[in-house]
């Protein structure tokens, strides 16, 4: 059973999963994305939700629709996604992380030492 986060619409979470699959090589450039029906069934969501997430990927230019064939990852999609996701992280996530680090009074040594703890 899939665990959905309450702070984000499901279609964005599905879009993010597809982005992660492209970035980690589970889906390569030129490969077809899983069908909308298959993803909807696998994740127990409405097919319209999956369609909306795929449309968001089309809008980013990393996938393209091929009439009668499906939706395919475009050439250069991984590089474009790396650029997009890095920019998004630096603009949206990193400032909040820095604020939290400062509020907790952590320094670089604290952060680096934490990687050794388990």
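Just so it is clear, none of the values below were taken in a lab; they were calculated from the coordinates. The structure displayed is predicted, hence computed values, not measured ones. Note that each Cβ is placed from the backbone with ideal geometry, even for glycine, and that neighbours are counted across all protein chains shown.
The angle separating the long axis of helix 10-23 from the principal Cα axis of greatest extent in the chain is about 80 degrees. A Förster radius of 22 Å, combined with the Cβ-Cβ distance separating residue 98 from residue 7, puts the computed FRET efficiency at roughly 0.60.
Which entry in (i) 60; (ii) 64; (iii) 69 matches percent of Cα pairs over 17 Å apart derived from the coordinates of this structure? Read-out taken from this structure: (ii).
Taking 95, 47, 34 in turn, the Gaussian network model of the chain (Cα-Cα springs below 10 Å) assigns the largest fluctuation to 95. Principal-axis analysis of the Cα atoms of the chain puts helix 94-104 at an angle of about 30° to the longest axis. Computed over the chain with a Gaussian network model linking Cα atoms closer than 10 Å, the most mobile of 27, 101, 14 is 101. The angle between the Cα long axis of helix 77-88 and the longest principal axis of the Cα atoms of the chain comes to about 40 degrees, rounded to the nearest 10. Maximal additional length on extending the residue 17-residue 29 stretch stands at 2.7 nm, based on 0.36 nm per residue less the C-alpha distance.
Just checking the listed ones, 103, 91, 56: in the Gaussian network model of the chain with Cα springs under 10 Å, the one fluctuating most is 103.
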